[in-house]
Amino acid sequence: MAKQAKTLTTEELRRVLDFIATRKHSKRNRALLLSSFYSGCRVGELSSLTYIDVVDDAGKVRDEIRLKAENTKTREARIVFVNSRLKKELQMYADCYKPTNNQVKFFYSQKRKSDGYNANTLTQFFHHLYKRAGVVGASSHSGRRTFITNLASQGVSVRVLASLAGHRNISTTQTYIDVNDDMKRRAVELV
């Protein structure tokens, strides 16, 4: 079995955010990173988002982002619920990124002839971001895995997690959950 993506600690996430703050395109990069951590979306799903998918006609970030079937791994449409922290981050990015065409990709690329990230280039983006921030073992799937693990550690049902992650089978979701000593300590205190 292949090695799973690293689940980031709060300190490691902070280190990556601190690194992003010192670089070009920091609002976009922060929104990208936190979209992964606060929504659990796959890189292919994040890269497929258009501006109108995320921002309404009034310029406000939507409470729900509807992923089209053709943009998900399972080829089933689903809703991504945007929590208040993610909504704030996406709104800060949207307020500074106002494209003339609302059908363009939400996460622009600085490459001249690009219409935005695709799944492969976004995977590379995350690989280099984590490497430069000094977080070993992290990958483009780390945000998604951390999202699922954090919710599981707070007692969210695996069925709810599977639905949020877009998994057809809860056994897939269970492989994402990184069990740690703190989770075990809290569990035994419930007895």
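Here the chain exposes an accessible surface that is 51 percent carbon and sulfur, computed with a 1.4 Å probe and the other protein chains kept in place. In this structure, the amide hydrogen of K60, modeled 1.01 Å from its nitrogen in the peptide plane, lies closer than 5 angstrom to no residue at least 5 positions away or on a different chain.
For the range 90-191, the square roots of the Cα gyration tensor eigenvalues, ordered a ≥ b ≥ c, give a/c of at least 1.5 with a/b greater than b/c, which places it in the prolate category.
For the range 33-128, which GluC sites (Glu not before Pro) are in a loop by DSSP, counting at most 12 other Cβ atoms within 10 Å?
Counting only loop positions with at most 12 other Cβ atoms within 10 Å, the GluC sites (Glu not before Pro) in the range 33-128 are E76.
A 1.4 Å probe run over the range 47-101, with the rest of the protein chains in place, finds 59 Å² accessible per residue.
On the principal axes of its alpha carbon atoms, the chain extends 57, 35, 32 Å, with the longest extent given first. Per-residue ellipticity at 222 nm from helix content only, as computed over the chain with -39500 (n - 2.57) for each DSSP H run of at least four residues, stands at -15500 deg cm²/dmol.
Close amide H contacts of S109 (hydrogens built in the peptide plane, cut-off under 5 Å, sequence separation of 5 or more or a different chain): G116, Y117. When the trypsin sites (Lys or Arg not before Pro) in the range 4-37 are filtered for DSSP coil states and for at most 11 other beta-carbon atoms within 10 Å of their beta-carbon, the remaining sites are K24.
Once you reduce the range 61-77 and the range 10-49 to the center of their Cα atoms, the two points are 19 Å from each other. Restricting the trypsin sites (Lys or Arg not before Pro) of the range 88-191 to loop positions (DSSP other than H, G, I, E, B) with no more than 14 neighbouring Cβ atoms within 10 Å leaves K111, R112, K113, R168.
The values are calculated or read from the model by the stated rules, or taken from the named source; none is laboratory data. None of the values given here were measured: they were computed from a predicted structure. Here Cβ is always computed from backbone atoms with ideal geometry, including for glycine, and neighbour counts include all displayed protein chains. Ligands, DNA and RNA are stripped out before the accessible areas are found, and what is left, the full protein with its side chains, is counted by its heavy atoms. Shrake-Rupley method; radii C 1.70, N 1.55, O 1.52, S 1.80 Å.
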